[in-house]
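Asker: My structure is below; once you've seen it, I'll send some questions.
The values are calculated or read from the model by the stated rules, or taken from the named source; none is laboratory data. Treat the numbers as computed from the prediction; the structure is a model and nothing was measured. Cβ placement follows ideal geometry from the backbone for every residue including glycine, while neighbour counts extend to all protein chains displayed.
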Amino acid sequence: MTRQRIFAGSRLRQLRAERGLRQAGFAAKLGISTSYLSQIEHDDRPLTPALLDRLQKLFPLEWEEVAADAGDRRAGALREAAADPLFAAAPIAPEQLERAALQQPQLADQFVALHAAYRRAGQRLQIIDEALTGGTAEGSRLPWEEVRDWFHDAGNYVDRLDRAAEELAKGLRGASSAPSPAVEAIERRLQGGLGISIVYRQSESLRDFDATMRHLVIDPSQPPESRRFQLAHQLAALALADEIAAVVEASPLRTAAARQLLHVGLANYAAGAVLMPYTPFRASARAVRHDIDRLRLEYGVSFEQACHRLSTLQRPGARGIPMFFCRVDMAGNITKRHSATRLQFARFGGACPLWIVHEAAAIPDRILFQLAETPDGLRYVSMAKGLVKPSGSYARAPRRYAVALGCEARYAADFVYADGVDVDAPQAAARIGPSCRICPRDDCDQRAFPPSDRPILVDPDRRDVVPYRIG
């Protein structure tokens, strides 16, 4: 079996132009000579496995597109699995991975599947550990916890619904050059297309729909982007009812309450996909290097809505950067979470106190940056911002919380918040963990609890930051 030769000269020239690099600088990044790069860019030479590996590490998003175009997805998946820190002690050369994918395709597929199963098993074990040590039985999950875990297991991306919402948005935009449907277009579709009467009136509910009377009430005290989102939610719930019902029907959720919550969650998901259609939003995100404020202004959405949408860009063949996203309230509770990365959040109890999101919750309207390292040795770049959502009344306290968004440090060049940061500096990263009960670190000054799987040693004659040492 001969290896398919990959020619990607025009794509590499485009990549170099997008990054503002001259041939010499680009060649230096790739570790090759300028003349060799020139030959590749003119399709006189194919990409070698070593160069593909280098491209994956330097330009992971662009590399995926090159690999997909060349039919090299198996080798790419194999490289991704082999890059796990689990194999750091005995790394496999790119040429060997390429040869394995080419000569032993079934074995390569099984290795990738086994690695994915290993990751899922680790996550599942983490859930069980947290449940047992936190005094919460795994079988007693509340309905909203079931739905939260369903979205996590789905990768926070629902292909059928996302594509249907993108088509709906295309129809709403019509001939407009705007990337996102205008609020007037959504109102017209609700009123003219679906026969819904809309009233803006202050009430206890943010949105109140009477299905019998076909009457929708929206609280006008919400910020404009929130009012627009509520309209998009109602439109998605009605126009995409069949798609939403099919996803709910196929879900394994056990209780009626959980299935109803999933219906609401899917309508919210579709609303975000209508306001931020996948293809243009992904292109915009890459163009501004995931600058959330610029995306928020371009699409007329809130800071949180833009963050959440960035965490859903996992369409096969057109993926965005794998992101983690969460929302934390003033008490440190994680009220919304998703991770397309190897970083996993605590499901029970508090999150790691060293995480920057806790500081952000106390300092609204300021973006904070953090370079963090987890116990497995992986580094992440993340931003966090404290937000205040007004209530519209002095009698009701505003909601205060923080959102965080981040990715693995290898994507730092595409994450504007990491500019000027040396992500490889030995002592630069905050050493965070999932939660104290399952974090293996034995030298953390911020520990609230000892790890549940290790004994503690107590010396009455010695006092450190905590009154015990970990065995």
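Asker: Can you find a residue in region 425-433 that is out of contact with any strand residue (DSSP E or B) (no Cβ under 9 Å at 6 or more places or on another chain) and crowded, with 17+ Cβ neighbours inside 10 Å? Reasoning before the result, please.
Answerer: Filtering region 425-433 for residues out of contact with any strand residue (DSSP E or B) (no Cβ under 9 Å at 6 or more places or on another chain) gives 426-427, 433.
Filter once more, so that each one left must be crowded, with 17+ Cβ neighbours inside 10 Å: 433.
Yes.
Asker: Looking at 230, 234, 260 in this structure, which one is over 20 Å from residue 182 (Cβ atoms) and either of a type in the set (S, T, N, Q) or outside the structural domain of residue 185 (by TED's automatic domain parsing) (or both)? Write out each step before concluding.
Answerer: Numbers: 230 fails: over 20 Å from residue 182 (Cβ atoms); 234 fails: over 20 Å from residue 182 (Cβ atoms).
Within the list 230, 234, 260, the selection yields 260.
Asker: Also, I was wondering about something else. Of the residues 390, 322, 364, only one is farther than 26 Å from residue 204 by Cβ and not polar (S, T, N, Q); which? Reasoning before the result, please.
Answerer: Values: 390 fails: farther than 26 Å from residue 204 by Cβ; 364 fails: farther than 26 Å from residue 204 by Cβ.
Going through 390, 322, 364 in turn, just one is farther than 26 Å from residue 204 by Cβ and not polar (S, T, N, Q): 322.
Asker: Quickly run through region 448-471 and pick out the residues that are at pLDDT 80 or above and either within 18 Å of residue 376 (Cα to Cα) or not in a loop (DSSP other than H, G, I, E, B) (or both).
Answerer: Answer for region 448-471, where residues must be at pLDDT 80 or above and either within 18 Å of residue 376 (Cα to Cα) or not in a loop (DSSP other than H, G, I, E, B) (or both): just 457.
Asker: Related question: State yes or no: is residue 325 in the same structural domain as residue 452 (by TED's automatic domain parsing) and either assigned to a loop (DSSP other than H, G, I, E, B) or not aliphatic (A, V, I, L, M) (or both)? So that I can check it myself, show each step before the final result.
Answerer: Numbers: in the same structural domain as residue 452 (by TED's automatic domain parsing): yes; either assigned to a loop (DSSP other than H, G, I, E, B) or not aliphatic (A, V, I, L, M) (or both): yes.
Answer is yes for this residue.
Asker: While we're looking at this one, here's another question. Does region 384-399 include one or more residues that are among the hydroxyl-bearing types (Ser, Thr, Tyr) and surrounded by 16 or more Cβ atoms within 10 Å (Cβ to Cβ)?
Answerer: Kept after step one, since they are among the hydroxyl-bearing types (Ser, Thr, Tyr), are these residues of region 384-399: 391, 393-394.
Remaining after also requiring surrounded by 16 or more Cβ atoms within 10 Å (Cβ to Cβ): none.
Taking every residue of region 384-399 in turn, none turns out to be among the hydroxyl-bearing types (Ser, Thr, Tyr) and surrounded by 16 or more Cβ atoms within 10 Å (Cβ to Cβ).
Asker: I'd like the full set of residues that are more than 23 Å from residue 398 (Cβ to Cβ), modelled with pLDDT of 85 or more and buried (at least 20 other Cβ atoms within 10 Å of the Cβ), limited to region 325-361.
Answerer: The answer is 338, 355.
Asker: To continue, here is another question. Of all residues in region 156-184 being free of Cβ contacts under 8 Å to residues at least 12 places away in the same chain and among the polar types (S, T, N, Q), which is farthest from residue 200 (Cα to Cα)?
Answerer: 177
Asker: Looking only at region 258-308, count every residue that is under 14 Å from residue 156 (Cα atoms) and among the hydroxyl-bearing types (Ser, Thr, Tyr) and tell me the total.
Answerer: 2
Asker: May I pose another question? Under 7 Å by Cβ, and 6 or more places apart or on different chains, what pairs join a residue from region 193-215 that is on the phi < 0 side of the Ramachandran plot with one that is surrounded by fewer than 13 Cβ atoms within 10 Å (Cβ to Cβ) and at pLDDT 95 or above?
Answerer: Every condition considered, the pairs that remain are 215/197.
Asker: Look at region 362-379 and say how many of its residues are surrounded by fewer than 17 Cβ atoms within 10 Å (Cβ to Cβ), in contact with a helix residue (DSSP H, G or I) (Cβ under 6 Å, 6 or more places away or on another chain) and free of Cβ contacts under 8 Å to residues at least 40 places away in the same chain.
Answerer: 0
Asker: Would you mind listing the helices (runs of 4 or more DSSP H) fully within region 135-253 where at least 1 residues are farther than 25 Å from residue 339 by Cβ? Explain how you work it out, then say what you get.
Answerer: On the way: elements: 143-153, 159-173, 183-188, 224-239, 241-250.
Ranges flagged: 159-173, 183-188, 224-239, 241-250.
Asker: Among all residue pairs at least 6 apart or on different chains, which show Cβ distances below 9 Å where the first residue, located in region 304-330, is touching a residue at least 60 places away in the same chain (Cβ under 8 Å) and the second is charged (D, E, K, R) and assigned to a loop (DSSP other than H, G, I, E, B)?
Answerer: Close Cβ pairs satisfying both conditions: 313/319; 322/342.
Asker: If you don't mind, another one. Going by what's in this entry, would residue 55 be described as closer than 21 Å to residue 320 by Cβ, of a type outside the set (Gly, Ala, Ser), part of a helix (DSSP H, G or I) and at pLDDT 75 or above?
Answerer: Details: closer than 21 Å to residue 320 by Cβ: yes; of a type outside the set (Gly, Ala, Ser): yes; part of a helix (DSSP H, G or I): yes; at pLDDT 75 or above: yes.
Yes; evaluated as a whole, the condition is true for this residue.
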